[in-house]
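Comments concern the structure below.
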């Protein structure tokens with residue numbers, strides 16, 4: 001019995017050598033990796049910032065903040081995650097209750113656009129992110145209302 005314990009103990013010391021030498025599977029969110037980073041825009045005196053982490057582990061974590069007159073007027077915690085049936089956008093405005101929006105069509109490689117929907121939500125029912133000519137275009141809509149923003153990567157002067 002002692003020999004088995006010693007043998008198992010010595011095998012444990014070799015643990016890293018027993019790890020398969022296969023590359024990890026690519027993250028399903030790599031196709032929307034263009035969203036990662038910091039974005040900023042000035043909308044009539046309201047500065048809006050949105051920040052996203054790089055895709056990793058089937059998730060991207062984000063936050064949004066709106067400033068007016070040097071004071072924060074709104075904020076939101078955001079998450080995009082891969083689930084078996086969809087890519088899900090989870091928004092928690094003001095840090096409150098989360099609302100989920102689904103994208104059933106996985107973005108194709110090279111397609112710089114993703115749309116999330118929740119037809120049961122009051123507003124918005126649809127959220128679209130699109131990268132066009134280096135700017136991030138965001139549109140929310142539903143119930144006959146719509147809002148749009150165009151943001152630049154942070155560090156680029158906002159007009």
Inset, instruction - Considering only the range 49-63, state which residues are surrounded by 19 or more Cβ atoms within 10 Å (Cβ to Cβ) and part of a strand (DSSP E or B). - result: 50, 52, 60, 62
Legend entry - Qualifying positions in the range 58-68 - under 13 Å from residue 35 (Cβ atoms) and over 11 Å from the mean Cα position of the chain (by Cα): 64
Inset, instruction - Filter the range 32-47 down to residues that are at pLDDT below 90 and surrounded by 14 or more Cβ atoms within 10 Å (Cβ to Cβ), then give me how many there are. - result: 1
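The values are calculated or read from the model by the stated rules, or taken from the named source; none is laboratory data. For clarity, every value in this text was computed on a predicted model and none was experimentally measured. Heads up, the Cβs are rebuilt from the backbone with ideal geometry, glycines too, and the neighbour counts pull from every protein chain shown.
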